[in-house]
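Worksheet: one structure, shown below.
Coordinate-derived values only; no laboratory data. This structure is a prediction, so every number in the text was calculated from the model and none was measured. No Cβ is skipped: glycine too gets one built from the backbone with ideal geometry, and neighbour counts run over all protein chains shown.
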Amino acid sequence: MSMKKVLVVDDEPNILLSLEFILEEEGFEVKTAGDGEEALEAAKSFEPGIVLLDVAMPRRDGYEVCRLLKSQDAPPKVIMLTAKGQPLERKKGLEVGADAYITKPFHAGELVAEINALLEK
């Protein structure tokens, strides 16, 4: 698992493209996935150090994907990156194993700082 590898999972193509560009500019190797099933497959082959994970997605939601990723022997760090910002949703995200929970819209610099902080732990 490489700490500089980031898997970005979101069902919005514009968000995927934007995050891919931002993170590659910061020196990360980036892979994207458009739904929960694709995310699980990509995580197996890509072995990211961190996963940016939307909650509301087709096929498997972000909570289930996070729970499955965190059940692995060497789980990646997970940042839930979602428009679902209510306290109960945040609580659920953290309970299934998310290392951080950031709501959309977000500031790119803040996201990069959070990624770097988690990767240093």
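A few comments on the model shown:
- Spacing of the two label points (7 Å from each Cα toward its C-beta) at L88 and Q72, in nm: 3.1
- For T32, residues with placed amide H under 5 Å, excluding near neighbours: V8
- Distance from the alpha carbon centroid of the stretch 46-108 to that of the stretch 28-44 works out to 13 angstrom.
- Considering only F21, G85, A113, the residue lying farthest towards the positive end of the dipole of the chain is G85, judged by Cα position with unit charges set on Cβ.
- Once both labels are positioned 7 Å from their Cα atoms along Cα-to-Cβ, the gap between E64 and K121 label points is 2.6 nm.
- Computed log₁₀ I(q)/I(0) - Debye formula, equal Cα scatterers, no solvent, the stretch 61-121, q 0.19, 0.25 Å⁻¹: -0.70, -1.10
- With eigenvalues of the C-alpha gyration tensor scaled by 5 and rooted, the stretch 2-120, Å: 18, 16, 14
- Peptide ranges 104-112, 31-39 listed from the most packed, as the mean C-beta count within 10 angstrom indicates: 31-39, 104-112
- About the Cα centre, charge dipole magnitude for the chain (Lys/Arg +1, Asp/Glu -1 at Cβ), debye: 460
- FRET efficiency for the pair T103 and E47, taken as 1/(1 + (r/R0)^6) with r the Cβ-Cβ distance and R0 = 22 Å, rounds to 0.20.
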